[in-house]
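The values are calculated or read from the model by the stated rules, or taken from the named source; none is laboratory data. Everything numeric in this text was worked out from a predicted model, so none of it was measured. A quick note on method: Cβ atoms are made from the backbone with ideal geometry, for glycine too, and the neighbour counts reach across all protein chains shown. In case anyone asks, the SASA skips ligands and DNA or RNA and just uses the protein heavy atoms, side chains included. Shrake-Rupley method; radii C 1.70, N 1.55, O 1.52, S 1.80 Å.
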Amino acid sequence: VQLQASGGGLVQAGGSLRLSCAASDSIFNIDVMGWYRQVPGKERELVATITTGSSTIYLESAKGRFTISRDNAKNTVYLQMNSLKPEDTAVYYCAGTRRGRWSYWGQGTQVTVSS
């Protein structure tokens, strides 16, 4: 399965962006889909995950501002990001698990939040 992330861009603090992750094949059997982000010089951090049953988990700093969702019919996962802060600036990656491991990765999409 190939993943294609899109939707990044430049936004002012307080603004919103919606990231999309389109899969080349069905994501129905991918147990967990998620979004990571990475800032140069720092480790990649997990922002949000969603299971096939639509259970979600969020990075503490993303709670109440970000919403992850998946549309299995469209083979797409979304990350709605509201009330963006400069510290949300990063390259965002979508990913999926296979046998409990993060095995599928999309290319990153840059999100830049200006103050």
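The residues of region 75-90 that are under 10 Å from the mean Cα position of the chain (by Cα) and within 24 Å of GLN12 (Cβ to Cβ), listed by number, are TYR78, LEU79, GLN80, MET81. Any residue that is out of contact with any helix residue (DSSP H, G or I) (no Cβ under 6 Å at 6 or more places or on another chain), open to solvent by 40 Å² or more (accessible area, probe 1.4 Å), more than 26 Å from ALA13 (Cα to Cα) and charged (D, E, K, R) - is there at least one of those in region 57-74? Looking through region 57-74, at least one residue is out of contact with any helix residue (DSSP H, G or I) (no Cβ under 6 Å at 6 or more places or on another chain), open to solvent by 40 Å² or more (accessible area, probe 1.4 Å), more than 26 Å from ALA13 (Cα to Cα) and charged (D, E, K, R).
Kindly indicate whether THR89 is β-branched (Val, Ile, Thr), open to solvent by 70 Å² or more (accessible area, probe 1.4 Å) and over 19 Å from VAL1 (Cβ atoms). The answer is no for THR89. Tell me, please, whether a residue that is open to solvent by less than 50 Å² (accessible area, probe 1.4 Å), farther than 15 Å from GLY106 by Cα and free of Cβ contacts under 8 Å to residues at least 24 places away in the same chain can be found in region 2-18. No, that holds for no residue.
Among the residues making up region 19-49, those that are among the hydrophobic types (A, V, I, L, M, F, W, C), open to solvent by 30 Å² or more (accessible area, probe 1.4 Å) and part of a loop (DSSP other than H, G, I, E, B) are PHE28, VAL39.
Residues in region 59-87 that are over 16 Å from MET33 (Cα atoms) and in contact (Cβ under 8 Å) with a residue 40 or more places away in the chain: MET81, ASN82, SER83, LEU84, LYS85, PRO86. For VAL1, the conditions (1) at pLDDT 95 or above; (2) in contact with a strand residue (DSSP E or B) (Cβ under 8 Å, 6 or more places away or on another chain) are fulfilled apart from (1).
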